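Here's the structure we're looking at; comments come further down.
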């Protein structure tokens, strides 16, 4: 068996090959260094480059310091880094699998946030850590505003916090907080009964969720949540590879980097955010819950291996599940000028390559 690992990269990255720079090049370097330790070679491909009945593929491979497009033996293990979910992708993956090619991290992006919420809500342990969540309808909105003074409205499909809004009760009526594209500061509209035009427009154009606002712990008065990387490792088991805290800017509720949030290692802020809880206890609570959720989701979705959970945590250390990302990393928040902000986060990028080694070893043992 050949020792190539196929890595399916997005089209936007592929078209920039071989002239990669900055943070993406740094991520590639971690993959390559990890693979080298295992005696493996990454090759970079598009989704349909590998064909079930073809023994070779055209792929980019790093030679010396350059990436070259060359014909190589088709990899038997493939790590998917794309989120496309067209039916043709599912059919192609099935054909590859039937021909002995293992594809992990199969795109599940067509699984919207509300579907994931409903799946998790069936488990009694996880249910205690889910904020009350409903699809946006006027009836659901009316029901939830009688229960809660603060609500989050967000797209059921969406990234980077775009389009997310907050509703807060006033002594008379409500206030809607939101951003439009390019905004650095929140905009606010007070209203009583008639929903603001911006809210009506957004719920008309997209499927939205209504969610109880989690009373997040704060860092110097600014709320934060976490991206927890949960990945299969060299033993084929889930592990927590990194915990990244996303802290909102002043007078904001959005923590995403694209919305002005700042990334910190949990260790550097835990003494401020949770002074009465030891760092080790905090990490164990977050990790135990994350691993439980990952193993539960793995029963519903095949070939999960590289997850990124957005979790909130309260002042008393209770974790809350916000949403699941089917690719764990957070490149823009973990790298700065081509270097990792914190060396501990290297494992977020190296662990999927460890898992690829596990799969290759399994295949070789079956052949022998």
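Where a number appears in this text, it was derived from the coordinates with a stated rule and is not lab data. Fair warning: this is a prediction, and the values are worked out from it, not measured in the lab. Heads up, the Cβs are rebuilt from the backbone with ideal geometry, glycines too, and the neighbour counts pull from every protein chain shown.
The table below gives the values:
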{"item": "Gap separating the Cα centres of region 238-311 and region 62-80, nearest whole Å", "result": "33 Å"}
{"item": "Protection proxy ranking, peptides 58-67, 219-228, average beta carbon neighbours within 10 Å, highest first", "result": "219-228, 58-67"}
{"item": "All-pairs alpha carbon distance profile, region 201-332, 5 Å steps from 0, percent", "result": "2, 10, 19, 22, 19, 15, 8, 4, 1, 0"}
{"item": "Cα centroid separation, region 188-224 to region 312-368 (Å)", "result": "30 Å"}
{"item": "Degrees separating the helix 87-98 axis from the principal Cα axis of the chain, which is the longest one", "result": "40 degrees"}
{"item": "Estimated translational D of the chain in µm²/s (Stokes, Kirkwood radius over Cα pairs; 10 °C; 1.306 mPa s)", "result": "72 µm²/s"}
{"item": "Debye equation applied to the C-alpha atoms of region 50-93, log10 I(q)/I(0) at 0.29, 0.31 Å⁻¹", "result": "-1.10, -1.12"}
{"item": "Normalised contact order of region 243-361, rounded percent, pairs of Cα under 8 Å and 6 or more residues apart", "result": "17 percent"}
{"item": "Shape of region 101-205, Cα gyration tensor, a/c cut at 1.5", "result": "oblate"}
{"item": "Average Cα contact separation per residue, the chain, under 8 Å, 6 or more apart, as relative contact order %", "result": "18 percent"}
{"item": "Solution diffusion estimate, µm²/s, Stokes-Einstein, region 4-108, Kirkwood Rh from C-alpha pairs, 25 °C, viscosity 0.890 mPa s", "result": "175 µm²/s"}
{"item": "Label-zone membership for region 202-229, site residue 147, 7 angstrom Cα→C-beta point, backbone N under 16 Å", "result": "209-215"}
{"item": "Taking all pairs of distinct alpha-carbon atoms in region 249-306, Kirkwood radius in angstrom", "result": "14.0 Å"}
